[in-house]
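Handing you this structure, nothing more for now.
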Amino acid sequence: MKNIALIFGGCSPEYEVSLQSAYAVITHIDRHKYTPILIGISRVGDWFIFDGSIEKLIDDTWCNTDDCTPVTVHLSRIEHNLLLLKDEKTEAIHIDAVFPILHGRNGEDGTVQGMFELIDIPVIGCGVLASALCMDKDRAHKLAGAAGVSVPNSFVIKKGTDVQTALKKADQIGYPLFVKPMKAGSSYGVTKVGLSNELPAAIKLAFEYDEEIIVEECISGFEVGCAVLGKENLIIGEVDEIELSDGFFDYTEKYTLKNSSIHVPARVDSQTAERIRQTAETIYRALGCSGFARVDMFLSDSGEIFFNEVNTIPGFTTHSRFPNMMKAAGISFEQIISTAIEEALI
C-alpha cells in the first residue's frame, strides 16, 4: 500500500472549489492500492492532518480542533515524512507521493510542487516549471505561439500603467475584448469588455487579483477543451464544447451552468475534433505538462483553433469537465486517479 498525501484547501480564491474536487478524489481513489493521507490547508495557510468525516469538506466544516492536527513536512530527501505536531511531540508519517488538489495561486502555480521537489517526494500532476508557466497567461501564450499554435492578440498591463496607454492599445486590438488577471483561475477577476468606457473598471477589478493583467482579443466562435493524461504516451479524452446563451464562461457559469451547456463530445465533425486533439497535445508538450491537465482552446467561426489556457489542476468533481471528457473516452474516474498516481511513482 502506498501512502498518498492529498492536499486540499489553501490560500486562494478557489478554496471552495478545491474542497469539492478533493472530496471527489478521496471517494474515488483505489483504497486497495493507496492509503490517502488528507492534508488540509486553512484559508490563512495553516497545514493540518485531517482525520474526520470527509463529508465535512462539502460544507467546509473540516477545519476544527477535533478533526485536525497541525502538520509540517520533514525537510529531508531521505525520510519522506510528514511530522504531526501534537502534545509537544512529533510523530512521523511516511508518504510515497503527494497529490495537490489545489486550484489557483499557492498551489497550482508551482509553489507547492517546488517544495516537494526539493525533498524528492514525487508530485502527482505537472511539475514546477509547467505549473508556473501555465498559470502565467502571457508566457503560456508565447510558448504555444512558438510551437505553431494560433493565439489571441493581447498586451500586458502592470500596476501603475496609465489608463490612456491601455485604451490606445485596446483600440488596436478592437472590441469586444477580455481583461484577465495574469495568474488566476476559475475566471476570477475576468471581464468581457464591449466598449472602451468599460475598460477602466475592468482593469481595476483584475488588479484586485494580481499585479499584472492581460488584455486579450475576443475570438469569435466557441470554447472547446481536451483532457490530457500522461507524460510520454498520452491519453487524450473526448473533445468538449461550451455552449453559451449569454455572457461568457465566468465563475458563476462554470459552477451553475445557468446560461450555458457543456457538450461531450463537442458538436464538431470528426476531422475538426482530431485537429483539436492534436493541438491540445502540441500545447501540452510545448508547456512541459505531465500527469494530467485540461487544455482549453477556442474554435473560431472560420474553423481556426486558438489557444486559451491550460489548467494543470482542473476541477475534479464528478461533474467537472476533465473527468467527463475522459469518461466519454472510456476512462473512469478511478482509472484517471490510478493512472496519474502510478505515473508519478515510476
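The values are calculated or read from the model by the stated rules, or taken from the named source; none is laboratory data. Small disclaimer: the values here were computed from a predicted structure and weren't measured. Backbone-built Cβ (ideal geometry, glycine too); neighbour counts: all protein chains shown. Only protein heavy atoms, including side chains, enter the accessible area calculation; ligands, DNA and RNA are left aside. Shrake-Rupley method; radii C 1.70, N 1.55, O 1.52, S 1.80 Å.
If you scan the range 262-283, which residues turn out to be surrounded by fewer than 18 Cβ atoms within 10 Å (Cβ to Cβ), under 11 Å from Glu241 (Cα atoms) and touching a residue at least 40 places away in the same chain (Cβ under 8 Å)?
Hit for the range 262-283 is Pro265, nothing else.
What's the number of the condition Ile341 fails, among (1) open to solvent by 10 Å² or more (accessible area, probe 1.4 Å); (2) more than 16 Å from the chain's Cα centre (by Cα)?
For Ile341, the failing item is (1).
Mind checking which residues of the range 71-126 are over 27 Å from the mean Cα position of the chain (by Cα) and of a type in the set (Asp, Glu)?
Within the range 71-126, Glu79, Asp87, Glu88, Glu91 qualify.
Another question, then. Of the residues that sit in the range 64-89 and are free of Cβ contacts under 8 Å to residues at least 24 places away in the same chain and over 18 Å from Gly9 (Cβ atoms), which one is surrounded by the most Cβ atoms within 10 Å (Cβ to Cβ)? Before you say what the answer is, go through the steps one by one.
Residues of the range 64-89 that are free of Cβ contacts under 8 Å to residues at least 24 places away in the same chain, as a first pass: 64-67, 69, 78-79, 81, 83, 85-89.
Still in the list and also over 18 Å from Gly9 (Cβ atoms): 78-79, 81, 83, 86-89.
Details: Ile78: 8, Glu79: 15, Asn81: 20, Leu83: 17, Lys86: 11, Asp87: 8, Glu88: 5, Lys89: 8.
The selected residue is Asn81.
Taking the condition of being assigned to a helix (DSSP H, G or I), in contact (Cβ under 8 Å) with a residue 40 or more places away in the chain and farther than 20 Å from Ile336 by Cβ, how many residues in the range 16-56 meet it?
We begin by selecting, within the range 16-56, every residue assigned to a helix (DSSP H, G or I); these are 16-28, 55-56.
Narrowing the set further to residues that are in contact (Cβ under 8 Å) with a residue 40 or more places away in the chain leaves 16-25, 28.
If we keep only those that are farther than 20 Å from Ile336 by Cβ too, we end up with 16.
The number of residues fulfilling the criteria is 1.
Filter the range 115-148 down to the residues that are farther than 16 Å from Lys183 by Cα and open to solvent by less than 20 Å² (accessible area, probe 1.4 Å) and list them by number.
Passing the criteria: Phe116, Ile119, Ile121, Ile124, Gly125, Cys126, Ala144.
Of the residues Lys258, Lys327, only one is modelled with pLDDT of 95 or more, open to solvent by 20 Å² or more (accessible area, probe 1.4 Å), closer than 25 Å to Ser21 by Cβ and out of contact with any Cys (no Cβ under 9 Å at 6 or more places or on another chain); which? Even if it seems obvious, please write down each step before you answer.
Values: Lys258 fails: modelled with pLDDT of 95 or more.
Checking each option against the conditions leaves just Lys327.
Hey, another quick one. In the range 68-91, which residues are under 14 Å from Asp46 (Cα atoms) and hydroxyl-bearing (Ser, Thr, Tyr)?
Thr69, Thr72, listed by residue number.
For the structure I just gave you, tell me whether Ala286 is touching a residue at least 40 places away in the same chain (Cβ under 8 Å) and either closer than 14 Å to Gly237 by Cβ or touching a Gly at 6+ places or on another chain (Cβ under 6 Å) (or both).
Details: touching a residue at least 40 places away in the same chain (Cβ under 8 Å): yes; either closer than 14 Å to Gly237 by Cβ or touching a Gly at 6+ places or on another chain (Cβ under 6 Å) (or both): no.
Here the answer is no, as Ala286 does not meet what is asked.
Which of the residues belonging to the range 94-110 are open to solvent by 20 Å² or more (accessible area, probe 1.4 Å) and at pLDDT 95 or above?
Residues of the range 94-110 open to solvent by 20 Å² or more (accessible area, probe 1.4 Å): 94, 96, 105-106, 109.
Residues satisfying the conditions are His94, Asp96.
Something else about it: Checking Asp67 against (1) among the acidic types (Asp, Glu); (2) at pLDDT below 95; (3) farther than 17 Å from Gly125 by Cβ; (4) touching a Phe, Trp or Tyr at 6+ places or on another chain (Cβ under 9 Å), which single condition isn't satisfied?
If we test Asp67 against (1) among the acidic types (Asp, Glu); (2) at pLDDT below 95; (3) farther than 17 Å from Gly125 by Cβ; (4) touching a Phe, Trp or Tyr at 6+ places or on another chain (Cβ under 9 Å), just (2) comes out false.
With the requirement that a residue be farther than 16 Å from Gly10 by Cβ and open to solvent by 30 Å² or more (accessible area, probe 1.4 Å), what does the range 26-55 give you?
Hits for the range 26-55 are Thr27, His28, Asp30, Arg31, His32, Lys33, Thr35, Asp51, Ser53, Ile54, Glu55.
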